[in-house]
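> Dropping a structure here in structure tokens format, bear with me for questions.
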Amino acid sequence: MNAHQNNNLIEIKNLKMYFPITKGLLRRKVGDVKAVDDISFDIKQNETLGLVGESGCGKTTTGRCILRLYQPTSGSIVFNGTDISSIPEKQVRPLRRHMGAIFQDPYGSLNPRQSARTIAGMPLIVHHMIDKKDLDDKVAELFNLVGLDSSMMDRVPHEFSGGQRQRLGIARALACNPSLIVCDEPISALDVSIQAQIINLLEKLQKSLGLTYLFIAHDLSVVQHISDRVAVMYLGRIVEIANSKELYQSPLHPYTKALLSAVPVPNPVRERERVRIVLKGEVPSPAHPPTGCHFHPRCSIASAECEEFIPPLNTISGTHQVSCLKV
Amino acid sequence: MSVLLDVKNLRTHFHTHRGLVKAVDGVSFHINEKEIVGLVGESGCGKSVSMLSVMQLIAIPPGKIVSGSAMFDGHDLLKYKPKGDEMRAIRGAKIAMIFQEPMTSLNPVLTIARQVTETLELHLKMDTQTARKRAVELLKLVGIPEAESRLDNYPHQFSGGMRQRVMIAIALSCNPKILIADEPTTAVDVTTQAQLLELMQEMVNRFNTSLVIVTHNLGVVARYADRIYVMYAGRIVESGLSEDIFLRPLHPYTIGLLKSVPQLGQTKSDRELVPISGLPPNLIDMPQNCAFLPRCSYHKERCRLEPWPELHAVGAQHYVSCYVDTRETS
Ligand SMILES: Nc1ncnc2c1ncn2[C@@H]1O[C@H](COP(=O)(O)OP(=O)(O)OP(=O)(O)O)[C@@H](O)[C@H]1O
Ligand SMILES: Nc1ncnc2c1ncn2[C@@H]1O[C@H](COP(=O)(O)OP(=O)(O)OP(=O)(O)O)[C@@H](O)[C@H]1O
Ligand SMILES: [Mg+2]
Ligand SMILES: [Mg+2]
């Protein structure tokens, strides 16, 4: 498949990532955690695809598969025309410079003993993309791009505020001029008043550098704000994908509806008009997912067939797909 | 409407090796009967310390309640000895508290049954049998399935959402006048958060309890709170009815917060987020004037020269602490 024909930077087909559950001294395999269980989606050049869902539904695992930090159990991941799902690590490495990653905890993902200069410049050094003598200039340029003062280059991570650390993380992700950035909960750890600074920075960088984002978060209002399209995950599967607006205005999957209704809105008048769908029970374990549609035990419209059949991800319109037998 | 708890001019400071932290610096608030009150503000602004001070749960040292009163049932709670019998009779019984991370507030080595019955035996002097029966009822009430058979489980056998339900059951077990929920849903998912908030609302309605929801998430209080206090750097900067705060905000910080958070249903093409510039202050050795000044786009010369303004009334129940009339500027 040629990425240039359909404008897709990423094409994921039937991706599965199972983690073995082992038992005893011999670490005998007794089962699988089906963290990602047969998902398919594309991300276009210059697009932001949001990935939402509750804790443990497989968002991070999906992101790590795309970055090939995990070798998927099965399925294909086409990045810029090349299927990277099963090529050896040696061949992945040169491709990885086209991908950046930003994580939730900017502190945990930055080496506490390294200077900000080394942190931001490391990817360039690793990929032999820079002469030592040019490093300072390049890092200053990156700092400028993300709104950090270049006089801060010699500081170590704990000398930055949370928001500044996240900017440093973004600088590092941008170092090698990537085309794709996987943003995994990039603002969840930040103060409320700082979150918008980072969201706006990411939007600005996307425009000026033509970046493509996979934006992972559990906060649907943030995801919806920043994304062109949003994919909703539940227990390892994608239940619905739609345009940001369309997902809000006409959600089709019962889980999407419940999720939307649970998101608080900072407006008491709107809040009082909204009907809250309170789901019963809790998310089952991905080690023992329900049969058929994973959502059926908590679904208000499920019937016998939902226990039996895995609903396919059906296309409703050009931009809207849903996986539900009742739709 | 009668006032249940009336806190005036509360100041709680911490002496640290880096300097004096004025965590709470002149906070006044009240809780009416059967009212749901929201206390919102960013991390470190002093929300928890305010609540813990009223309950006299501040570690002394490094902390010290420097001034203030907290009138409850005709008595000033801050006059009681922190570990004395009078305070003990209030804490957990008359005023109950739920904390952010239930794993740390439930004792991991005691069964759920033990932890629920403990409060009942201590405050309501129930015998073991009666307390156990009541515990089952309470757990059923907060939606623990098969409550009877789960009574002898340990906290780690419960999910985060279920542990929080147990905390709610314990908090309500003595039929308190006030329930303070400090970030009750920060550690759980959004659908669980919705379940818990609906549950708390239902419970306080049923028991005629007042509820204080402490949170950094503005959205959470919009649905439930009758009245809201907005806190910044150890002070209340604005308070009012929910509608006042969300629809007619007046303090530059409140205005800034509302402009900076995304709203469900709006995308980047509908509305650009306007961030608040700069960083929240650290509370060490704060200047005398308004702590929001360095981040404020409305500020005038006066804000620089004069001390942090007192709250003044701008509506029936609407108060704001700012020299600038933001309605004129915008
Ligand atoms: N390396 C691993 N080994 C075994 N199980 C794993 C591993 N990584 C993730 N899992 C499991 O896979 C499931 C999906 O995890 P993942 O981290 O992808 O979820 P998530 O959607 O990112 O959740 P969160 O919102 O909490 O970050 C979880 O049940 C998790 O426990
Ligand atoms: N034991 C302590 N020693 C020193 N400083 C403290 C202590 N407890 C709290 N503080 C300081 O008091 C200030 C207010 O803290 P508090 O816990 O009330 O914040 P908060 O508004 O509840 O924040 P969060 O949303 O993160 O829970 C903070 O700056 C904190 O560092
Ligand atoms: Mg994750
Ligand atoms: Mg707190």
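The values are calculated or read from the model by the stated rules, or taken from the named source; none is laboratory data. Keep in mind that this is a model prediction, so the values were computed, not measured. As a convention, Cβ positions derive from the backbone with ideal geometry for all residues, glycine included, and neighbour counts pool all protein chains shown. For the accessible areas, the whole protein counts, side chains as well, though only heavy atoms, and no ligand, DNA or RNA atoms are used. Shrake-Rupley method; radii C 1.70, N 1.55, O 1.52, S 1.80 Å.
> How many residues are more than 8 Å from chain A (Cβ to nearest Cβ) and within 22 Å of A:A196 (Cα to Cα) if we restrict to segment B:186-213? If you could, list the steps in order and put the result at the bottom.
We begin by selecting, within segment B:186-213, every residue more than 8 Å from chain A (Cβ to nearest Cβ); these are B:186-188, B:196-197, B:199-213.
The next check asks that each one be within 22 Å of A:A196 (Cα to Cα); those that pass are B:186-187.
Matching residues across segment B:186-213 total 2.
> Report, by residue number, each residue of segment A:179-217 that is touching a strand residue (DSSP E or B) at 6+ places or on another chain (Cβ under 7 Å) and open to solvent by 10 Å² or more (accessible area, probe 1.4 Å).
A:S179, A:D184, A:E185, A:Q206, listed by residue number.
> Given the conditions (1) under 22 Å from A:A120 (Cβ atoms); (2) in a loop (DSSP other than H, G, I, E, B); (3) within 18 Å of the chain's Cα centre (by Cα), and given that A:H218 satisfies all but one, which numbered condition is not satisfied?
Going through (1) under 22 Å from A:A120 (Cβ atoms); (2) in a loop (DSSP other than H, G, I, E, B); (3) within 18 Å of the chain's Cα centre (by Cα) one by one, A:H218 breaks only (1).
> Just one of B:I36, B:I31 is within 14 Å of chain A (Cβ to nearest Cβ), away from ligand 4 (no atom under 16 Å from the Cβ) and open to solvent by less than 30 Å² (accessible area, probe 1.4 Å); which is it? Steps first, please.
On the way: B:I31 fails: within 14 Å of chain A (Cβ to nearest Cβ).
Checking each option against the conditions leaves just B:I36.
> Show me the helices (runs of 4 or more DSSP H) entirely contained within segment B:92-184 in which 1 or more residues are within 14 Å of another protein chain (Cβ to nearest Cβ). I'd like the intermediate steps shown before the answer.
Details: elements: B:102-105, B:112-124, B:128-141, B:147-150, B:160-172.
Because the criterion is at least 1 residues that are within 14 Å of another protein chain (Cβ to nearest Cβ), the helices (runs of 4 or more DSSP H) in segment B:92-184 that meet it are B:147-150, B:160-172.
> For segment A:206-229, which positions are under 21 Å from A:Y255 (Cβ atoms) and either within 10 Å of chain B (Cβ to nearest Cβ) or among the hydroxyl-bearing types (S, T, Y) (or both)?
First, the residues of segment A:206-229 that are under 21 Å from A:Y255 (Cβ atoms): A:214-225, A:227, A:229.
Hits for segment A:206-229 are A:H218, A:D219, A:L220, A:S221, A:V222, A:V223, A:Q224, A:H225, A:S227.
> Here's something else I'd like to know. Looking at segment B:185-196, which of the residues that are outside any helix (DSSP H, G or I) and under 18 Å from the mean Cα position of the chain (by Cα) is nearest to B:I98 (Cα to Cα)?
Taking segment B:185-196 as the starting set, the residues that turn out to be outside any helix (DSSP H, G or I) are B:185-189.
The next check asks that each one be under 18 Å from the mean Cα position of the chain (by Cα); those that pass are B:185-188.
On the way: B:T185: 10, B:T186: 12, B:A187: 13, B:V188: 14 Å.
If we take residues in segment B:185-196 being outside any helix (DSSP H, G or I) and under 18 Å from the mean Cα position of the chain (by Cα), then B:T185 is nearest to B:I98 (Cα to Cα).
> Which of the residues belonging to segment B:271-330 are over 29 Å from A:L201 (Cα atoms), among the hydroxyl-bearing types (S, T, Y) and either open to solvent by 50 Å² or more (accessible area, probe 1.4 Å) or not assigned by TED's automatic domain parsing to the domain that holds B:I255 (or both)?
B:Y319, B:Y323
> Return the only residue of B:M200, B:M231 being under 16 Å from B:I36 (Cα atoms) and in contact with a helix residue (DSSP H, G or I) (Cβ under 7 Å, 6 or more places away or on another chain).
Just one listed residue meets the conditions, B:M200.
> Suppose we filter B:V237, B:V230 for residues that are within 14 Å of chain A (Cβ to nearest Cβ), buried (at least 23 other Cβ atoms within 10 Å of the Cβ), out of contact with any Gly (no Cβ under 7 Å at 6 or more places or on another chain) and part of a strand (DSSP E or B); which single one remains?
Numbers: B:V230 fails: out of contact with any Gly (no Cβ under 7 Å at 6 or more places or on another chain).
None of the others qualify; the one that does is B:V237.
> Ok, one more. Within segment A:45-64, how many residues are within 13 Å of ligand 3 (Cβ to nearest atom) and within 15 Å of A:H98 (Cα to Cα)? Working first, answer last.
Going through segment A:45-64, the residues within 13 Å of ligand 3 (Cβ to nearest atom) turn out to be A:51-64.
Pick out the ones that are also within 15 Å of A:H98 (Cα to Cα) and you get A:63-64.
Total meeting the criteria: 2.
> Further, regarding this structure: Quick check on my filter: what residues within segment B:46-67 are among the small types (G, A, S) and within 19 Å of B:V230 (Cα to Cα)?
Going through segment B:46-67, the residues among the small types (G, A, S) turn out to be B:46, B:48, B:50, B:53, B:59, B:63, B:67.
Once the filter is applied, which keeps residues that are among the small types (G, A, S) and within 19 Å of B:V230 (Cα to Cα), segment B:46-67 yields B:G46, B:S48, B:S50, B:S53.
> Search segment B:281-305 for residues being over 18 Å from B:H13 (Cβ atoms) and part of a loop (DSSP other than H, G, I, E, B), and hand back the single one that is nearest to the other protein chains (Cβ to nearest Cβ). Walk me through how you get there before you give the answer.
So the first thing to find is which residues in segment B:281-305 are over 18 Å from B:H13 (Cβ atoms), and the list is B:289-290, B:292-305.
Now drop any that are not part of a loop (DSSP other than H, G, I, E, B), which leaves B:289-290, B:292, B:296-300.
On the way: B:N289: 19, B:C290: 16, B:F292: 10, B:C296: 12, B:S297: 13, B:Y298: 15, B:H299: 16, B:K300: 21 Å.
So the residue we want is B:F292.
> Do the conditions hold for A:K90, that is, is it over 30 Å from A:N14 (Cα atoms) and surrounded by fewer than 19 Cβ atoms within 10 Å (Cβ to Cβ)?
Working: over 30 Å from A:N14 (Cα atoms): no; surrounded by fewer than 19 Cβ atoms within 10 Å (Cβ to Cβ): yes.
So A:K90 fails the test.
> For segment A:1-94, please list each of the strands (runs of 3 or more DSSP E) lying entirely inside it that holds at least 3 residues being modelled with pLDDT under 95.
Values: elements: A:8-23, A:28-44, A:48-52, A:74-79.
Strands (runs of 3 or more DSSP E) meeting the threshold: A:8-23, A:28-44.
> Filter segment A:149-205 down to the residues that are assigned to a helix (DSSP H, G or I) and among the charged types (D, E, K, R), then identify the one that is farthest from the other protein chains (Cβ to nearest Cβ). Reasoning before the result, please.
Applying the first criterion (assigned to a helix (DSSP H, G or I)) to segment A:149-205 yields A:150-152, A:157-159, A:162-174, A:192-205.
Filter again for among the charged types (D, E, K, R), leaving A:159, A:165, A:167, A:172, A:203-204.
Numbers: A:E159: 13, A:R165: 12, A:R167: 12, A:R172: 21, A:E203: 6, A:K204: 11 Å.
So, considering only residues that are assigned to a helix (DSSP H, G or I) and among the charged types (D, E, K, R), the one farthest from the other protein chains (Cβ to nearest Cβ) is A:R172.
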